[in-house]
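Undergrad: Attaching a single structure in C-alpha cells format; questions to follow.
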Amino acid sequence: MDMGLTKDDLDVRARAREFREKFLFPNEEELDEHDHLPEATESQIRQGVLDYRLNAINHAREFGGQAMTMVQQCIVNEEVGAATNALWGRVWQPPVCLQDGTPEQIEKYLIPACRGELRTSFCTSEPTAGSDAGGVKTAAVIDGNHYVINGEKCFASNAEFADLNLLTTIVDSDPTKPTLFLIDKGTAGFNVRCLPRFAQRSGHGHPELDIEDMRVPTTQILGEVGKGYELTKDWFVEARLAIAARSIGMAIRATELALEWAREREQFGQAIINFQAVEFMIAEMATDIMAGKSMLYRVAQEIDSDLDRKTAHAKASAIKLFCSEAGFRVVDKAVQIFGGRGTMCENPVERLTRDVRLERIWEGTSEIQKMVMGGQIRKRGLDMYTGWD
Ligand SMILES: Cc1cc2nc3c(=O)[nH]c(=O)nc-3n(C[C@H](O)[C@H](O)[C@H](O)COP(=O)(O)OP(=O)(O)OC[C@H]3O[C@@H](n4cnc5c(N)ncnc54)[C@H](O)[C@@H]3O)c2cc1C
C-alpha cells in the first residue's frame, strides 16, 4: 500500500501553506478583536484564494472548481484549518449537492459560487430539530406553481448575508418528504430574527430565522420532493472529513507552538521540556495527531479509489469522532504547556481552544457519530472499521 503524497498533492500542500501564512494567519488577531475584517482585507483574501487555485476544491472543473481528490481536499482543509477564528471559511467550498441541480440552477448558482461570486448558507437546524434533523418542521405547501413555506431555523451560518440559502423543509407536513429549496437573498418572508453571539469570532453569524408565508416557485426545488436528506449524504462525508482535517491542522499548529515554548521557557533553572510531565504531554499530542492523520488519509484515499457511498458515510463518522476529540485533547494540552499565557487571546492556542471545541458539535455531535457507527456495526458487523484488506 502506497500512502505517500504525489507530486500534485505536494504542490497543493505548498500552495495552501503559503496562502494561509500570507492571507489567514496575519488577520487572526484583528478578526478576533473586532469580529470583522475591513472589506479591503476580505477582498484581498478572496483574490488570494483564486490566485492560489484554492476555490471550490470540491467541485468539478466544468463548473469552475479545482476538482481535487479527497486526499487533496483533506490537505487543503488541514492547512487552512490551522488558522483561528474560522478563517478557513474564507476558502469557499460550495455545497456539493448543488451539482444535483438542473442545468439552469447550475448556471445560476453553482458556477458563480465556484468563482466566489455567490455565497451560500445551509439552513437545516430548528429549535426542535438539532441532532434529530428528521424532526424538521418547516413546512412547504403547494399553491399552483409555487410553494408557500413557513417555519423557523436556527444556527443558520452566514444566512444574514448569503446570496443563496439552501433550506430544508417538509412537503405536505409529511416527514417522509424532506425537500431542499434554493432561496435567493431578499426573498420576501425570509427574515433574520436575531444574531446571537457565539464563542468563536469569525465575522460571520449563525442567525435565527423566521420563515413567514414565503412564496417560492416550484423550479426552486433542488433535486426532487422527498430527496432532501439523500442529497445531503455526500455533503456529510465531505463535511465530516473536512472537520477531521481541520482538527488535525489545529492540533499540529498547537503542538508546534507548545514545543517551541517548552524549549525556551525556563523554570526551576531549566527548560520545561526537560520535565517528563511536559515531554509526556507532547508525546501524547504527537500520538493523537499521528493516529488521526493516519485514519483520515487512509479513508480519503479509499474514497478516491471508489469506496462505496454507504461505507464512506460510516467511516466518516469514526474519523470525525476521533479527530475532533483528539484535536480538542491536543489543543487543551498545548494550553497547559503554555500555563497562564495559554489563556491570553493573543496566543493562537487560546483562540484554537474556542475553535476546536465546536468541531465536536456541528455536522453531528460525537454522540451522533457513535450512534451512526453503532447502527452500522449492528447491521453490517465490525469489519468495515477493524478489517484490513
Ligand atoms: C456555531 C454553529 C454553527 C452551526 N451552523 C449550522 C448551519 O449552518 N446549518 C445548520 O443547519 N445547523 C448548524 N449548526 C447546528 C449544529 O449542526 C447543531 O448544533 C448540532 O447538530 C447539534 O444540535 P443541537 O445543538 O440542537 O444539540 P441537541 O441535538 O439538542 O443535543 C444536545 C446534546 O444531546 C446529545 N444527544 C442528542 N440526541 C442524542 C442521542 N440520540 N443519543 C445520544 N446523545 C444525544 C447531543 O450529542 C448533545 O450532547 C451550527 C451550530 C453551531 C454551534
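Undergrad: What pairs from LYS108/LYS233; LYS153/LYS227; LYS22/LYS153; LYS177/LYS379 go past 28 Å between their alpha carbons?
TA: Pairs exceeding the cut-off: LYS22/LYS153.
Undergrad: With label points built 7 Å along Cα→Cβ from the Cα atoms of LEU10 and ALA67, find their separation and express it in nm.
TA: Here the modelled spin labels are 2.4 nm apart.
Undergrad: So for the pair PHE25, ASN145, with labels modelled 7 Å out along Cα→Cβ, what separation do we get in nm?
TA: A separation of 5.5 nm, rounded to one decimal place.
Undergrad: Figure the gain on full extension for ASP308 and ASP2 (residue separation times 0.36 nm, minus the Cα-Cα span) and round it to one decimal in nm.
TA: 108.1 nm
Undergrad: Between THR218 and ASN191, what's the calculated FRET efficiency when r is the beta-carbon distance and R0 is 25 Å? Round to 0.05.
TA: 0.65
Undergrad: Please work out the Cα convex hull volume for region 7-115 and give it in Å³ per residue.
TA: Spelled out: Cα convex hull of region 7-115, divided by residues, is 97 Å³.
Undergrad: Can you give the helix-only mean residue ellipticity at 222 nm for the chain, where every DSSP H stretch with n ≥ 4 adds -39500 (n - 2.57) and the sum goes over all residues, rounded to the nearest 500 deg cm²/dmol?
TA: My calculation for the chain gives -15000 deg cm²/dmol from helical runs alone.
Undergrad: What percentage of the solvent-accessible surface of region 7-115, computed with a 1.4 Å probe over protein heavy atoms, is contributed by carbon and sulfur atoms?
TA: Exposed carbon and sulfur together represent 47 percent of the surface.
Undergrad: Shifting gears a bit: So how tilted is helix 228-264 from the main axis of the chain? Cα-based, degrees 0 to 90, rounded to 10.
TA: Result, in degrees: 20.
Undergrad: Just to confirm the number: angle between the C-alpha axis of helix 348-359 and the first principal axis of the chain, 0 to 90 degrees, nearest 10?
TA: For 348-359 against the chain, the angle is about 40 degrees.
Undergrad: Between ASP163 and ALA277, what length in nm is gained on full extension when 0.36 nm per residue of separation is reduced by their alpha carbon distance?
TA: 35.9 nm
Undergrad: So, one more: Taking 0.36 nm per intervening residue step and subtracting the Cα-Cα distance, what contour gain separates TRP362 from ARG53 on full extension?
TA: Difference between extended and current length: 108.5 nm.
Undergrad: Which order do the peptides 242-249, 362-369, 160-167, 274-281 come out in when sorted by mean C-beta neighbours inside 10 angstrom, highest first?
TA: In descending order of packing, they fall as 242-249, 160-167, 362-369, 274-281.
Undergrad: Now for a different question. Using a Gaussian network model of the chain whose springs link C-alpha atoms within less than 10 Å, name the residue from ALA262, ALA251, ALA16 with the highest mean-square fluctuation.
TA: Per the Cα network of the chain with a 10 Å cutoff, ALA262 tops the list.
Undergrad: Tell me the accessible surface of CYS154 in square angstrom (1.4 angstrom probe, heavy atoms of protein chains only), to the nearest ten.
TA: The accessible area of CYS154 comes to roughly 20 Å².
Undergrad: Can you give the FRET efficiency to the nearest 0.05 for GLU42 and PHE198, using r as the Cβ-Cβ distance and R₀ = 22 Å?
TA: Computed FRET efficiency for GLU42 and PHE198: 0.65.
Undergrad: Would you mind checking region 204-225 for residues with the amide N under 20 Å from a putative spin-label position 7 Å along Cα→C-beta of ASP174?
TA: 216-225
Undergrad: In addition: Averaged per residue, what accessible area in Å² does the chain show with a 1.4 Å probe, protein chains only?
TA: Result: 46 Å² of accessible area for each residue.
The values are calculated or read from the model by the stated rules, or taken from the named source; none is laboratory data. Computed from a prediction, not measured in an experiment: that's the story for all the values here. Reconstructed Cβ throughout: ideal geometry from the backbone, glycine too, with neighbour counts over all protein chains shown. The area values use the complete protein model at the heavy-atom level, side chains included, leaving out ligands, DNA and RNA. Shrake-Rupley method; radii C 1.70, N 1.55, O 1.52, S 1.80 Å.
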